[in-house]
Amino acid sequence: MSDGLKSFGYGDANVGGIDHLITYWLNDTLEISALEKIEFLSKLALELLPQSETTCAAARDIVMSDTRANWTKRSKTGWR
């Protein structure tokens, strides 16, 4: 998990120990600043992450929260 997060440049890529593998994004284990999030989401939008086009398209679809005739809003949930 940590290697994958590092390849994305996502925060400090700290997933903690084995006990945190399913909760690292919910507690204080993984840390990312607002600017790092913006940089990550920009790379996602521009398809600059080390993932296939299919994976990038799926991620864009997942974060689509609203759409109209001439615009699409993409967002993520969470407050940490």
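Rule-based calculations on the coordinates, nothing more; no lab input. This is a predicted model, so every value here is computed, not measured. Using ideal geometry, Cβ is built from the backbone for each residue, glycine included, and neighbour counts are taken over all protein chains shown.
How much length is gained if the chain between ASP12 and ARG74 is pulled fully straight, taking 0.36 nm per residue apart and subtracting their Cα-Cα distance, in nm to one decimal?
So the extension gain works out to 19.9 nm.
For the pair ASP19/SER42, report the inter-label distance in nm, with labels modelled 7 Å from Cα in the Cβ direction.
3.8
Using the crude model of +1 on Lys and Arg Cβ and -1 on Asp and Glu Cβ, and no other charge, please compute the dipole size for the chain relative to its Cα centre, in debye to 20.
In debye, rounded to 20, the chain gives about 400.
In whole Å, largest first, what are the principal axis extents of the Cα atoms in the chain?
Its Cα atoms span 45, 26, 22 Å along the three principal axes.
For n ≥ 4 DSSP H runs only, could you compute -39500 (n - 2.57) per run for the chain, divide by its residues and tell me the 222 nm figure to the nearest 500?
Rounded to the nearest 500, it is -10500 deg cm²/dmol.
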